[in-house]
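The values are calculated or read from the model by the stated rules, or taken from the named source; none is laboratory data. Source: prediction; values computed, not measured. FYI the Cβ positions are ideal-geometry reconstructions off the backbone, even for glycines, and counts take in every protein chain you see.
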Amino acid sequence: MITVAALTRQYGKRLAVDDMTFDVAGGRVTGFVGPNGAGKSTTMRMMVGLTRPDSGEVRYHGVHYQDLKWPARTVGCVLDARVHPGRTALDHLRATAAISRLPVGRAEQVLAEVGLETAADQRAGAFSLGMRQRLALAAALLGDPQILLLDEPSNGLDPDGIRWLRNHLSDFAARGGTVFVSSHLISELSMFASDLVVIGGGKLLAAASVQAITGRHDVAVIVETPQPTELVTLLTAHGFAVEVTADRLVVRGSTRAVVSRVAFDSGIRLLELTETSRSLEDSLLDLTRSTAEFAST
């Protein structure tokens with residue numbers, strides 16, 4: 001388990017991360033999401049000591065990162081896919097292994113694991129972004145870690161690469177590993193993440209399972225009626241949240257059968273009654289809308 005407690009970091013007058021507290025469970029994939037400028041990268045850098053927090057702490061199985069005897073064997077992280085352009089993939093991994101006091105023979109093994117064995121002797125300067133992402137992940141896997149900490153690892157990957165990454169991370173978690181991964185690809189993240197940590201404006205907005213977050217307003221019922229005022233009054237009295245648009249009502253927290261029964265019992269005529277499920281993307285946009293630094297109209 002990863003325990004993040006009261007992390008805070010300020011740059012001048014800007015509070016980038018504000019009293020951030022959450023846990024990341026073992027044996028699961030946890031997505032880390034939020035709009036641009038929310039504080040995701042700063043938080044992840046503080047989690048591995050690359051940025052010093054003004055206050056707060058992070059523990060891995062109860063131990064601070066700087067106190068881990070073999071950090072690379074506990075936490076494998078990818079926070080930046082940049083690699084020295086003059087080094088070959090194999091040389092980069094051998095150097096990384098030597099710095100971390102790991103067997104250099106692991107370099108060939110992890111190259112094969114991420115599908116780059118045929119590019120072992122190619123210089124990284126000629127790599128595509130997707131290939132650099134694979135190489136960065138290979139470096140994170142060198143120590144056969146218990147935890148993977150990944151910042152936007154799907155950037156630059158083609159559809160086949162994204163599917164490969166999804167399967168790899170799911171298998172890693174299924175074997176008991178812990179995955180903490182940030183991503184802007186919400187629809188992709190929803191396919192393999194079990195839990196989510198949602199932040200905005202440097203603050204924690206939610207930390208729960210994907211089902212719990214989407215289940216808050218999972219179903220919406222779209223209603224068209226010539227008696228909108230009467231129906232809104234009835235539905236509100238029953239405890240349902242109702243949004244009034246130009247020509248329809250959007251009812252949250254109910255079902256088509258319930259809305260139909262309420263309308264029928266009160267003699268209210270319905271012209272349209274449609275039930276829709278909300279996506280994870282919709283739920284996250286609702287959570288983060290008020291904290292987005294850049295928002296479209």
Query raised in the report: So which residues in the stretch 1-22 are in a strand (DSSP E or B), exposed (fewer than 14 other Cβ atoms within 10 Å of the Cβ) and either in contact with a helix residue (DSSP H, G or I) (Cβ under 6 Å, 6 or more places away or on another chain) or not aliphatic (A, V, I, L, M) (or both), if there are any at all?
Result: TYR11, ARG14, THR21
Query raised in the report: Has the stretch 33-40 got any residue that is assigned to a strand (DSSP E or B) and either farther than 29 Å from SER190 by Cβ or of a type in the set (A, V, I, L, M, F, W, C) (or both)?
Result: yes
Report summary line: The correct count of residues that are under 23 Å from THR74 (Cβ atoms) and either out of contact with any Leu (no Cβ under 9 Å at 6 or more places or on another chain) or modelled with pLDDT under 90 (or both) in the stretch 194-214 is 2
Requested in this report: All but one of (1) over 22 Å from HIS168 (Cα atoms); (2) at pLDDT 95 or above; (3) not polar (S, T, N, Q) hold for GLY49, so report the exception by its number.
Outcome: (2)
Requested in this report: Restricting attention to the stretch 90-125, report how many residues are in contact with a strand residue (DSSP E or B) (Cβ under 8 Å, 6 or more places away or on another chain) and of a type in the set (A, V, I, L, M).
Outcome: 2
Report summary line: Within the stretch 41-67, the count of residues that are over 12 Å from LEU7 (Cβ atoms) and either part of a helix (DSSP H, G or I) or of a type in the set (Val, Ile, Thr) (or both) comes to 6
Requested in this report: Output the number of the condition that PRO85 fails; it satisfies all remaining conditions of (1) more than 30 Å from ASN36 (Cβ to Cβ); (2) surrounded by fewer than 18 Cβ atoms within 10 Å (Cβ to Cβ).
Outcome: (1)
Report task. Give the residue, chosen from LEU148, LEU169, that is in contact (Cβ under 8 Å) with a residue 60 or more places away in the chain, part of a helix (DSSP H, G or I), under 18 Å from the mean Cα position of the chain (by Cα) and within 28 Å of ARG101 (Cβ to Cβ). Result -> LEU169
Report task. Starting from the stretch 35-60, keep only residues that are assigned by TED's automatic domain parsing to the domain that holds ASP18 and without any contact (Cβ under 8 Å) to a residue 24 or more places away in the chain, then list their pairs with residues that are among the polar types (S, T, N, Q) and surrounded by 19 or more Cβ atoms within 10 Å (Cβ to Cβ) whose Cβ atoms are within a distance under 9 Å, requiring at least 6 positions of separation or different chains. Result -> none
